[in-house]
Amino acid sequence: MPKPYPSEFRDDVVRVARSREPGVTIEQIATDFGVHPMTLTKWMRRAAVEEGAKPGVTRSEGAELREARKRIRLLEQEVEVLRRAAAYLSRANLPGKGRFYASCQVMRVRSSR
């Protein structure tokens, strides 16, 4: 599991990497701060997306999208339950014995006949 770094630390390292002197590599900065060079590269890419410099999904948009998908799944489940209930109850509207049978089934009551 990757080592969690505080967001302030990440922001500072990205700021230093962006304002580096000519000839200083990302690998050197990453080594100085004790992070893997690929980690620093990912932080820089993510920061560019967050600032709008590059296209992509920001963290807040990603969280909003996850919440929206979760809500959609829940609503789809509710629709399915209602669809099944409507199909079941539509059988209760049949003439004669069927209507009472379905009502008894819903109430979990048995006929005494």
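Only the coordinates and a few stated rules stand behind these numbers; no lab work does. The model shown is predicted, which means the values in this text are computed figures rather than measured ones. We place every Cβ from the backbone using ideal geometry, glycine too, and count neighbours over all the protein chains shown.
Below are the figures for this structure:
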| read-out | value |
| --- | --- |
| Electrostatic dipole magnitude of the range 1-56 [Cβ: Lys, Arg +1; Asp, Glu -1; Cα centre; debye, to 20] | 220 |
| 3J(HN,Hα) from dihedral phi, the range 31-40, Karplus parametrisation 6.51/-1.76/1.60, rounded to Hz, x for glycine, proline | 5, 4, 8, x, 10, 6, x, 5, 4, 5 |
| Mean shadow area of the range 1-56 over all directions, Cα convex hull, nm² | 4.2 |
